[in-house]
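What follows is a single structure, written as structure tokens, with notes after it.
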Amino acid sequence: MLRACLYRFGRDRKANVAVIAALTMVPIIFLLGMTLDFTQAMRKKEQLDAAADAAAIAAVRPAMLMQSDTVASDTAMAIFMSVANSMQGLTSAPTPTISVTDSGLSRTVSVSYNASSLNNFPKVLMNSASWPISGAATSQAASAPNMNFYLLMDDSPSMAIGATATDINNLITATAPSKQSASSSQNCGFACHETNISHDGGTQDNLAIARANNVTLRIDLVTTAVNQLLNTWTNCPQTGISGGVMQCMSALNNTTYKAALYTFDTGLNTLATLTTATTAGTKVGNIALMPVLYQNCVATGCSSSSKTTPSTDYGTDIAGALTSLNSIMPTPGLGSNSAGDTPQEVVFLVTDGVEDKISSSCPNATFAQTFGTGPSAVGRCQQPLDMTMCTTLKSRGIKIAILYTEYLQLINLGPSQNITDSWYMSWVNPYDGPTSATGQIAQNLQSCASPGFFSDVQTGGNITQALTDLFIKVASSTASLTH
């Protein structure tokens, strides 16, 4: 009887669930406790990481870049501790390790910390009262440098085109034979300034016609843009600053900016040598279209049999203007306020990007016209910018910023949308497509510009805003976390 009872008890499995539950309770409690303590520790780490990020960024803000390393370190410490001191659940408020390293205009700030998060289940988790956590953040920024800006504006006849499609059509209509029989150039969307219009039997040139009909030209937009840059800007975020974008950014960045103002056509025209932005701004009104003598004649001597001055419409020597500027501009410095340092040097070029000049060579295209024979022969070269001088300038450490006022594709113009410029189609169109923003003209200008300092704007686009945005991009400094 006793043996049978023991046998039945040994074979009874009805209490297995309770036994198994009891055996698994230990690891379950261990895992739950570890999960809760780990999650709590990670939340504290996120808070301290955010504090480290904020501390690192605070030490490289533009205003802080003007302060000493000690001030920057103290600022970062205060930002971090304002968070760390208010946190609950740490064994103690961590004191971060902060390093500040300066290299020229650049500053690098590193913030690291070690802390311990109190465990809710100290006896469960490896008999430990706290969970160790740590983190680090690194930020970098460069203070805005002192800069000298050499503003170089295209004033060639191609900048006389109507500013918008409507302006172009209005000018074509205003110069139609039925409207202007005395115009020296009829059915034309360009308001070229001809000083001897009687040569072609006219009495009024297209520039005068454009002004009489309130047609806005592309060069008018350039003038407005430069005026905002140097004279009047209503959107400066800092109150009490008079002048244009340049004066505003100088105040915001605590830097010194100077400006020189030039136009170019067949050569470099000086409007203002390097001076204060305010003084240079007084010369903005002198930006004007290049005058030509008459149709197909830029200057005197066009009709001479020797053709020492070829009879043609050339008038845009971009590479020549850059060459002249290269001889004017000094070797750039770092742009810091350190004794003996000098400002950075920047060429700020506004152009439609097509060279049209008399030259003995035309490396990027074929001569449209040739004059003379033998070693003295020259030709009319219409080509995308020759970038040789761009390389020379940049190799000297000079920065080049370029605003490309896209060369208009002179196809299907006019009120009837059936006017095509045959000269353009032969000598410029091959480099202006498939669109003006993607053709060889645009590509060469983008290659000429320093990295990140190229912008383009289409006909009818906001040249004033584009020039302002490009200047702010060149002049601005931003801080970044690098971790």
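Can you tell me which of 139-152, 160-173 comes out highest on packing, and rank the rest after it, using the mean Cβ neighbours within 10 Å?
Answer by packing, highest mean first, reads 139-152, 160-173.
From the phi of every residue in segment 450-464, what ³J(HN,Hα) in whole Hz does the Karplus formula 6.51 cos²θ - 1.76 cosθ + 1.60 yield, where θ is phi - 60° and glycine or proline is x?
My calculation for segment 450-464 gives 5, x, x, 10, 10, 9, 9, 9, 7, 4, x, x, 8, 5, 4 Hz in order.
Which FRET efficiency, nearest 0.05, do Q369 and T101 yield, Cβ-Cβ r, R0 51 Å?
0.25
Which order, highest average first, do 52-60, 436-444, 70-78, 234-242 follow once you tally other Cβ atoms within 10 Å for each residue and take the mean per peptide?
So the peptides 52-60, 436-444, 70-78, 234-242, ranked by packing, come out 52-60, 436-444, 70-78, 234-242.
Relative to the present Cα-Cα distance, how much length would full extension add between Q40 and T234 at 0.36 nm per residue of separation?
64.8 nm
So, by mean Cβ neighbours within 10 angstrom, what's the order for 401-410, 366-375, 337-346, 103-112 with the highest one leading?
In descending order of packing, they fall as 401-410, 103-112, 337-346, 366-375.
Once each part is reduced to its C-alpha centroid, what is the distance from segment 312-330 to segment 58-114 in angstrom?
49
Kirkwood hydrodynamic radius for segment 244-402: how many Å is it when counted over pairs of different Cα atoms?
About 17.9 Å, per the Kirkwood formula over Cα pairs.
If I model a spin label as a point 7 Å beyond the Cα along the Cα-Cβ vector, how far apart are those points for S361 and S338 in nm?
Reported label-point gap for S361 and S338 is 4.0 nm.
Please identify which residues in segment 36-61 have an amide N closer than 15 Å to a label point set 7 Å out from the Cα of N254, following the Cα→Cβ vector.
58-61
Read the figures in this text as sums done on the coordinates, not as results from a lab. Treat the numbers as computed from the prediction; the structure is a model and nothing was measured. No Cβ is skipped: glycine too gets one built from the backbone with ideal geometry, and neighbour counts run over all protein chains shown.
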